[in-house]
Amino acid sequence: MLLAVDLGLRTGLALYRRDGRLVSYRSQNLGTRARLRRAAGSVLGDHADAQRLVLEGGGDIADIWKKAGERAGRRVRVIDAGVWRRALLLPREQRSGTDAKDAADGLARAVIEWSGAPRPKGSLRHDAAEAIAVGLWGVIDAGWLDGVPEVVSRR
């Protein structure tokens, strides 16, 4: 399994199986750095079957998650948003952060549908959508998928 995290005090999480399909996703408001520090280890404990951890973001929040992942014996990869955006979005979808967030929503919904994962109840938060996109990039990077599934790329 692979756990993708869109870093921030409002954190997006997406869990993928080895076959490259999305299992679950969610958004969690951690509120403070102290709560985030406690939550990182707890989330990793809840997902003990996730051998890989892909983090999107940087700074001290990335350091907290990276250290928690390494302590838990996970293979950790930290990337910035540009990495997955260049790989998964069209150039016109990357013109601004707002365009990229909108495109991530469409991509995430296509991945949810393709994977047979539960559809969101209500709106899909942008941090969960970005975690789904980060996770798709991660399973491709890990070699679990040869590329973006055609049904997802046609969104």
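The values are calculated or read from the model by the stated rules, or taken from the named source; none is laboratory data. Here the structure is a predicted model, which means the values were calculated and not measured. For neighbour counting, all protein chains shown are included, and Cβ atoms are generated from backbone atoms with ideal geometry for every residue, glycine included.
Since Lys101 meets every condition but one in (1) under 14 Å from the mean Cα position of the chain (by Cα); (2) on the phi > 0 side of the Ramachandran plot, which condition does it not meet?
Only one criterion is unmet by Lys101, namely (2).
Working carefully through the options Ile79, Ile64, Ile140, Ile132, find the one that is without any contact (Cβ under 8 Å) to a residue 40 or more places away in the chain and within 22 Å of Ala48 (Cα to Cα). Steps first, answer last, please.
Values: Ile79 fails: without any contact (Cβ under 8 Å) to a residue 40 or more places away in the chain; Ile140 fails: without any contact (Cβ under 8 Å) to a residue 40 or more places away in the chain; Ile132 fails: without any contact (Cβ under 8 Å) to a residue 40 or more places away in the chain.
Residue meeting the stated conditions: Ile64.
Which is exposed (fewer than 13 other Cβ atoms within 10 Å of the Cβ) and farther than 15 Å from Ala40 by Cβ, of Arg95, Arg125, Arg71, Arg109? Give the derivation first.
Values: Arg125 fails: exposed (fewer than 13 other Cβ atoms within 10 Å of the Cβ); Arg71 fails: farther than 15 Å from Ala40 by Cβ; Arg109 fails: exposed (fewer than 13 other Cβ atoms within 10 Å of the Cβ).
Matching residue, one of Arg95, Arg125, Arg71, Arg109: Arg95.
Could you list, in sequence order, all residues of region 114-128 that are in a loop (DSSP other than H, G, I, E, B), at pLDDT 90 or above and charged (D, E, K, R)?
Matches in region 114-128: Arg119, Arg125.
Of these, Arg18, Arg92, which one is more than 13 Å from the chain's Cα centre (by Cα), modelled with pLDDT under 95 and on the phi < 0 side of the Ramachandran plot? Explain how you work it out, then say what you get.
Details: Arg18 fails: modelled with pLDDT under 95.
The conditions single out Arg92.
Yes or no: region 38-49 includes at least one residue that is hydroxyl-bearing (Ser, Thr, Tyr) and in contact (Cβ under 8 Å) with a residue 12 or more places away in the chain.
Taking region 38-49 and keeping what is hydroxyl-bearing (Ser, Thr, Tyr), we get 42.
Narrowing further to those that are in contact (Cβ under 8 Å) with a residue 12 or more places away in the chain: none.
No, because not a single residue in region 38-49 is hydroxyl-bearing (Ser, Thr, Tyr) and in contact (Cβ under 8 Å) with a residue 12 or more places away in the chain.
Filtering region 18-44 down to residues that are of a type in the set (Val, Ile, Thr) and not in a helix (DSSP H, G or I), which residue is nearest to Leu145 (Cα to Cα)? Before the answer, list the steps.
Taking region 18-44 as the starting set, the residues that turn out to be of a type in the set (Val, Ile, Thr) are 23, 32, 43.
So of that shortlist, the ones also not in a helix (DSSP H, G or I) come out as 23, 32.
Working: Val23: 15, Thr32: 36 Å.
The extreme case among them is Val23.
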